[in-house]
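S.K.: Got a structure for you, written out below as structure tokens; questions coming shortly.
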Number of protein chains: 4
Amino acid sequence: MSKPLPAPLAGIFPPLVTPLRDRDTFDIDGLERMIEHVLAGGVHGLFLLGTTGEGPGLSYRLRTEVVERGCRAVAGRVPVLVGVTDTSFAESLRLANCAAAAGAQAVVLAPPSYLPASQEELATYVTSFCHVAPLPVFLYHIPSLTKVGFDAAIVRRLLDVPKVAGLKDSGRDMQYLHEVRQLAAGRPEFSILVGPEELLAEAVLLGAHGGMCGGANMDPRLYVGLYEAALSGDLKRVRELHRRVIAISTAIYTLGAPESSYLRGLKCALCCMGLCEDVLAEPFQPFGPSDRETIRRRLADLGMLADSDNR
Amino acid sequence: MSKPLPAPLAGIFPPLVTPLRDRDTFDIDGLERMIEHVLAGGVHGLFLLGTTGEGPGLSYRLRTEVVERGCRAVAGRVPVLVGVTDTSFAESLRLANCAAAAGAQAVVLAPPSYLPASQEELATYVTSFCHVAPLPVFLYHIPSLTKVGFDAAIVRRLLDVPKVAGLKDSGRDMQYLHEVRQLAAGRPEFSILVGPEELLAEAVLLGAHGGMCGGANMDPRLYVGLYEAALSGDLKRVRELHRRVIAISTAIYTLGAPESSYLRGLKCALCCMGLCEDVLAEPFQPFGPSDRETIRRRLADLGMLADSDNR
Amino acid sequence: MSKPLPAPLAGIFPPLVTPLRDRDTFDIDGLERMIEHVLAGGVHGLFLLGTTGEGPGLSYRLRTEVVERGCRAVAGRVPVLVGVTDTSFAESLRLANCAAAAGAQAVVLAPPSYLPASQEELATYVTSFCHVAPLPVFLYHIPSLTKVGFDAAIVRRLLDVPKVAGLKDSGRDMQYLHEVRQLAAGRPEFSILVGPEELLAEAVLLGAHGGMCGGANMDPRLYVGLYEAALSGDLKRVRELHRRVIAISTAIYTLGAPESSYLRGLKCALCCMGLCEDVLAEPFQPFGPSDRETIRRRLADLGMLADSDNR
Amino acid sequence: MSKPLPAPLAGIFPPLVTPLRDRDTFDIDGLERMIEHVLAGGVHGLFLLGTTGEGPGLSYRLRTEVVERGCRAVAGRVPVLVGVTDTSFAESLRLANCAAAAGAQAVVLAPPSYLPASQEELATYVTSFCHVAPLPVFLYHIPSLTKVGFDAAIVRRLLDVPKVAGLKDSGRDMQYLHEVRQLAAGRPEFSILVGPEELLAEAVLLGAHGGMCGGANMDPRLYVGLYEAALSGDLKRVRELHRRVIAISTAIYTLGAPESSYLRGLKCALCCMGLCEDVLAEPFQPFGPSDRETIRRRLADLGMLADSDNR
């Protein structure tokens, strides 16, 4: 049923938040609302169960529901990528099979986050996974969370595995991204997407294929616009939109304990904007009233609240 | 059915390896053999599905089997602790319920290893978990794997939660252990067990209650003997056995990539000793023939191979 | 004698290597040759005694000589910045006074590298230094070497100190650079220069004032050309030159132990190019014949050797 | 004039604080007072210009004065070790020559703290230094400050250099200390001293030769007593004194920013005890009145203030 993945995958793929009703109850209406919101903003696809989607923090039952209901709601309008990162290979594979059955186009796999593996072992891990995975696989490079990432030398080797379709680079080291782009020059269908939205402008200006921008949950048009400006080389507009991207992340992702300020800030903002509740999976807690008021005020200052939200 | 947990829990609690037949097939005979081996060596209890047991690397089905078959094989002879560390609160709880149903005496919980939480959030996480957990809970402090551990100030607060029964300290920072011991002076039934076997001697000499020594999978008598010597203040014997502990870990846990040298070395040694195969859960791979031969030779040099193993 | 510093300082400022004859003997001819080489390539100024110049690794006598002879050789043709980073405030100040006397235009100051200070203490440190320093001060943000850098919040405060003239950002975190640029928007004469040459393209495209590119010791025209292309928004040329920058750093800075591969590779390349010997200050050692041959071959492949060097 | 170094050096060697009048003015009376205070407490020698002595933070002139005046005040009563750690080999050597001329017995050398070296380069660095150094050399392992320490494999190699007389281990990893002790078994005159006072008890119980305890600046008798109790195997007394050591470090070294809480707390306590002013070299600042009052109260609670100090 599922359509083939465009190659290279290019554009803006929001790592969708997972709306929850409580710790282990999925808010299906919220998810559908979020999906319509970002699709209306022109995004090129979706990334379910990523870091922003709290994938590894959800029970397996809930992850399965998100994949099934998410794919059904998208209904083939854009490609869907599914995060299958887990500490257990078997569970990652189970989730990949669930993604394929639901009609997703690709899966996204970071190294297991508990016991770190050597680079050699990571290469074998990915190769073994590709051997049995039912969908194309994106490497997810996020060493700040998994302690080890995919070194450039290992990416070079994994470029030989046809099922490896691309890289999500959330390493925040642009030199790494530039090196990997150069290594992948011989595989033009290999897609390189940058994770942190603050680095989208330069990534696309210098040749990456797009980004998985958490902020696109709030304002998809902004990141789509920045992507398009960078693609067309409209530097004046790039600088203008990039400035706004930095202003948003400085205002919304920096409140409270730094470990969780991004996730709590983002979900709180979506709540202020009326898109979903700011229930988070454990171990995270939503902001209290005072911090929430700060976020609301900052959103208002940024002009991100509709008049009706802005009381 | 389950007997109450001794308070404070004291002695040697090997973090049992999980014998596997392949990536996702449990070797029940191997587990039973391992259990009889360590019980014959006089250990005071067992820790299933810890880091050494590759808990987070196993599928949920397999983890459930290990708990059920392990508890059945132990049959109440010693207390069984079960590692329930997971990136998802709901799955940790599910496993804790499974442990209680199987007759285990306690669970061991490290912080979620993917997205790091603030200390404040970790305190809430543990408190919420204790609120619903069916068994006493040991805090598992292992910041090298989970990026954040339980700071001493948070341990102090969690000492007020009656269900928090102890701490497994794998932080390798003895000052932390000393501080926590001093903080817990008012709760004499609170058990402090050290993780790294190389630190067992000093931990017990200075007042900790015992250790969860991976090496006890190979030679349980050695660690039990060291524990008893330290408890009785027999410094001469402590130094002699401690020297052997360091010699074993220097010889067996240091081959190949440092990320996985402990686990690969330990399981390879158990294989050379005829106790179980050295199949590892992904992303880890057993040693090849040359490294295995090195381990076998080092075991022989240490006198750890029976004559029949020692060809 | 010294001319005022342009504000904001903009362009390419090579962190000049320090040619040595042996561990503690300065090669004055080599320094003069290097200065003429980079000035002929169109650079906008020089940075003496930076990390690339092995500043902290040289004796005080030798540092003084470098400043005096370097300034004399430049003879006012371009601004000279002098690295004064040291573990001792008093010695940093002494070197700053020496720089002023020699006719340099500014000094560059990183946090003391031995005992790390808190952000609050760093702010006081810089303020105290500016109170007595005879020249404008650039903040040098290089947390990989000094363990702590200047957090954005502290840069914001230090923007109020008129003598703080700019920032050299070697933190490799472009989000930090973007945030600092935005914070400094109200002080248009504040100069933001990026350290790692691999990030020069995007830094200038998005508004930074230039870079301190180590590679400009070898090929100053390349980095000046990239700077100018970025400044004028010639994206096609930016991508082309940026590709070459990445190719050079991938080829020349990656041989041998990673701790010193940049410095050893760069000085070895300069030696192959006939610009200076590759003597390094302790604890670093030049490459042996085989590694040197590898560097020579890579330089030849990159077309960086004149025919006469290329035997 | 200088007496030979006992081999192995054993006992308590306080890393003496450096009393200052202001940023760059030495308080000679304070130093003499400190020396008499610790000698009266029975210490076995002194360590000048270590981390606690703010060695790398002082100007070269001041470091020279500390060495000369310190050695003169000790007047051969106990061995004096001098910290010569510096970012510049030439300056380390100059200071070592000054130490020899002043009558010190050994120097203590950590890796250069700015640009990190590979292990191979560190071995060459130490060997080269020993080739020209006029005194025995202690390796100073403190990776938290120098980013790289001396790996056990490198210590093993440096054991072959006769001038390498011992190791100060401030790595806080007791497994490393145990491994190094075992490696050095064949050189019984090689001295292993532990840095952090919180680890003194176990280090000596298991075979190390003593410690360089910062707290001995305040209460030398306590650490000497703990050393002697551990040496004689009096476990009951070890536990009692160790508890007090942990209580002191928990109370005195934990106030304010963690980067400098040890140094500020220690010097503030010495000031409250009337031993010296709490002037610190930049970038550190003494506590304000409120924090100082907290330290004074905690000292009083610990019974560390004479009645006359305790108003």
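S.K.: Which of the residues spanning region A:127-156 are of a type outside the set (D, E, K, R) and within 9 Å of another protein chain (Cβ to nearest Cβ)? Can you show your working first?
M.R.: First, pick out the residues of region A:127-156 that are of a type outside the set (D, E, K, R): A:127-146, A:148-150, A:152-155.
Hits for region A:127-156 are A:Ser128, A:Phe129, A:Ser144, A:Leu145, A:Thr146, A:Val148, A:Ala152.
S.K.: While we're on this one: Restricting to region B:180-208, name every residue that is closer than 17 Å to B:Gly11 by Cβ and assigned to a loop (DSSP other than H, G, I, E, B). Write out each step before concluding.
M.R.: As a first pass, look at region B:180-208 and keep what is closer than 17 Å to B:Gly11 by Cβ: B:181, B:188-197, B:199-208.
Within region B:180-208, B:Pro188, B:Glu189, B:Phe190, B:Gly195, B:Pro196, B:Leu206, B:Gly207, B:Ala208 qualify.
S.K.: What's the number of the condition C:Thr51 fails, among (1) free of Cβ contacts under 8 Å to residues at least 60 places away in the same chain; (2) among the polar types (S, T, N, Q); (3) touching a strand residue (DSSP E or B) at 6+ places or on another chain (Cβ under 9 Å)?
M.R.: (1)
S.K.: Which of the residues that make up region A:214-241 are in contact with a Gly (Cβ under 9 Å, 6 or more places away or on another chain), open to solvent by less than 60 Å² (accessible area, probe 1.4 Å) and on the phi < 0 side of the Ramachandran plot?
M.R.: Across region A:214-241, the qualifying residues are A:Gly214, A:Ala216, A:Asp219, A:Pro220, A:Leu222, A:Tyr223, A:Val224, A:Gly225, A:Leu226, A:Tyr227, A:Leu235, A:Leu241.
S.K.: Kindly list the number of the only condition in (1) away from every other protein chain (no Cβ under 14 Å); (2) open to solvent by less than 30 Å² (accessible area, probe 1.4 Å); (3) over 19 Å from the mean Cα position of the chain (by Cα) that fails for D:Leu206.
M.R.: Here D:Leu206 meets the rest and fails (1).
S.K.: Kindly indicate which of C:Gly149, C:Gly211, C:Gly166, C:Gly215 is in contact (Cβ under 8 Å) with a residue 24 or more places away in the chain, touching a strand residue (DSSP E or B) at 6+ places or on another chain (Cβ under 6 Å) and farther than 18 Å from C:Leu9 by Cβ.
M.R.: C:Gly149
S.K.: State yes or no: is B:Ala165 under 19 Å from B:Val66 (Cα atoms), open to solvent by 10 Å² or more (accessible area, probe 1.4 Å) and at pLDDT 95 or above? Outline the logic, then answer.
M.R.: Numbers: under 19 Å from B:Val66 (Cα atoms): no; open to solvent by 10 Å² or more (accessible area, probe 1.4 Å): yes; at pLDDT 95 or above: yes.
So B:Ala165 fails the test.
S.K.: Just name the residue that is farthest from A:Tyr223 (Cα to Cα) out of those in region A:169-183 that are open to solvent by 10 Å² or more (accessible area, probe 1.4 Å) and more than 8 Å from every other protein chain (Cβ to nearest Cβ). Give the steps one after another, and end with the answer.
M.R.: Here is the first cut: in region A:169-183, the ones open to solvent by 10 Å² or more (accessible area, probe 1.4 Å) are A:170-173, A:175-176, A:179, A:181-183.
Then drop every residue that is not more than 8 Å from every other protein chain (Cβ to nearest Cβ), which leaves A:170-171, A:176, A:181, A:183.
Numbers: A:Ser170: 16, A:Gly171: 19, A:Tyr176: 22, A:Arg181: 21, A:Leu183: 27 Å.
Step by step, filter region A:169-183, then rank; the result is A:Leu183.
S.K.: When residues of region A:1-36 are filtered for being among the aliphatic types (A, V, I, L, M), farther than 12 Å from A:Met212 by Cα and not in a loop (DSSP other than H, G, I, E, B), how many remain?
M.R.: Residues meeting the conditions: 5.
S.K.: Let me ask something additional. Within region C:6-26, work out how many residues are surrounded by fewer than 22 Cβ atoms within 10 Å (Cβ to Cβ), in contact with a strand residue (DSSP E or B) (Cβ under 7 Å, 6 or more places away or on another chain) and within 22 Å of D:Ser88 (Cβ to Cβ).
M.R.: The qualifying residues number 1.
S.K.: While we're here: Among the candidates D:Leu222, D:Leu255, D:Leu263, single out the residue that is within 14 Å of chain C (Cβ to nearest Cβ), touching a Leu at 6+ places or on another chain (Cβ under 7 Å) and touching a residue at least 12 places away in the same chain (Cβ under 8 Å).
M.R.: Working: D:Leu222 fails: within 14 Å of chain C (Cβ to nearest Cβ); D:Leu255 fails: touching a Leu at 6+ places or on another chain (Cβ under 7 Å).
Being within 14 Å of chain C (Cβ to nearest Cβ), touching a Leu at 6+ places or on another chain (Cβ under 7 Å) and touching a residue at least 12 places away in the same chain (Cβ under 8 Å) holds for just one of D:Leu222, D:Leu255, D:Leu263, which is D:Leu263.
S.K.: Follow-up question, since we're still on this one. Are any residues in region B:52-102 under 11 Å from B:Leu16 (Cβ atoms) and within 14 Å of chain A (Cβ to nearest Cβ), and if so, which ones?
M.R.: B:Thr52, B:Gly53, B:Glu54, B:Gly55, B:Val66, B:Gly83
S.K.: If you don't mind, another one. Here is a list: D:Gly274, D:Gly233, D:Gly256. Which entry is within 22 Å of D:Arg172 (Cβ to Cβ), in a loop (DSSP other than H, G, I, E, B) and of a type in the set (Gly, Ala, Ser)? Steps first, please.
M.R.: Working: D:Gly274 fails: within 22 Å of D:Arg172 (Cβ to Cβ); D:Gly233 fails: within 22 Å of D:Arg172 (Cβ to Cβ).
Only one candidate qualifies: D:Gly256.
S.K.: Follow-up question, since we're still on this one. May I ask you to list the residues in region C:272-291 that are of a type outside the set (A, V, I, L, M) and within 13 Å of another protein chain (Cβ to nearest Cβ)?
M.R.: Taking region C:272-291 and keeping what is of a type outside the set (A, V, I, L, M), we get C:272, C:274, C:276-278, C:282-291.
Result: C:Glu282, C:Pro283, C:Phe284, C:Gln285, C:Pro286, C:Phe287, C:Gly288, C:Asp291.
S.K.: Let me ask something else about it. What single numbered condition from (1) modelled with pLDDT of 95 or more; (2) more than 23 Å from A:Glu179 (Cα to Cα); (3) surrounded by fewer than 22 Cβ atoms within 10 Å (Cβ to Cβ) fails to hold for C:Pro283?
M.R.: Only one criterion in (1) modelled with pLDDT of 95 or more; (2) more than 23 Å from A:Glu179 (Cα to Cα); (3) surrounded by fewer than 22 Cβ atoms within 10 Å (Cβ to Cβ) is unmet by C:Pro283, namely (3).
S.K.: Based on this model, can you work out whether D:Leu193 counts as more than 14 Å from every other protein chain (Cβ to nearest Cβ) and either closer than 23 Å to B:Tyr253 by Cβ or touching a strand residue (DSSP E or B) at 6+ places or on another chain (Cβ under 6 Å) (or both)? Break it down into steps so the answer makes sense when it comes.
M.R.: Numbers: more than 14 Å from every other protein chain (Cβ to nearest Cβ): yes; either closer than 23 Å to B:Tyr253 by Cβ or touching a strand residue (DSSP E or B) at 6+ places or on another chain (Cβ under 6 Å) (or both): yes.
The answer is yes for D:Leu193.
S.K.: Another question about this same structure. Could you identify the single residue in C:Ala269, C:Ala229, C:Ala247 that is out of contact with any strand residue (DSSP E or B) (no Cβ under 7 Å at 6 or more places or on another chain), at the interface with another protein chain (Cβ under 10 Å from one of its Cβ atoms) and of a type in the set (A, V, I, L, M)?
M.R.: Working: C:Ala269 fails: at the interface with another protein chain (Cβ under 10 Å from one of its Cβ atoms); C:Ala229 fails: at the interface with another protein chain (Cβ under 10 Å from one of its Cβ atoms).
The conditions single out C:Ala247.
S.K.: When residues of region A:1-42 are filtered for being touching a residue at least 60 places away in the same chain (Cβ under 8 Å), over 19 Å from A:Met273 (Cα atoms) and of a type in the set (A, V, I, L, M, F, W, C), how many remain?
M.R.: Within region A:1-42, residues that are touching a residue at least 60 places away in the same chain (Cβ under 8 Å), over 19 Å from A:Met273 (Cα atoms) and of a type in the set (A, V, I, L, M, F, W, C) number 7.
S.K.: Let me ask something else about it. Select from region A:283-305 the residues that are in contact with a Gly (Cβ under 7 Å, 6 or more places away or on another chain) and of a type in the set (D, E, K, R) and list them in ascending order.
M.R.: Scanning region A:283-305 gives a single hit, A:Asp291.
The values are calculated or read from the model by the stated rules, or taken from the named source; none is laboratory data. Values in this document were obtained by computation on a predicted structure and should not be read as measured data. Neighbour counts run over all protein chains shown; Cβ positions are idealised from the backbone, glycine included. Please note that ligands, DNA and RNA were not included when accessible areas were found on the heavy atoms of the full protein model with its side chains. Shrake-Rupley method; radii C 1.70, N 1.55, O 1.52, S 1.80 Å.
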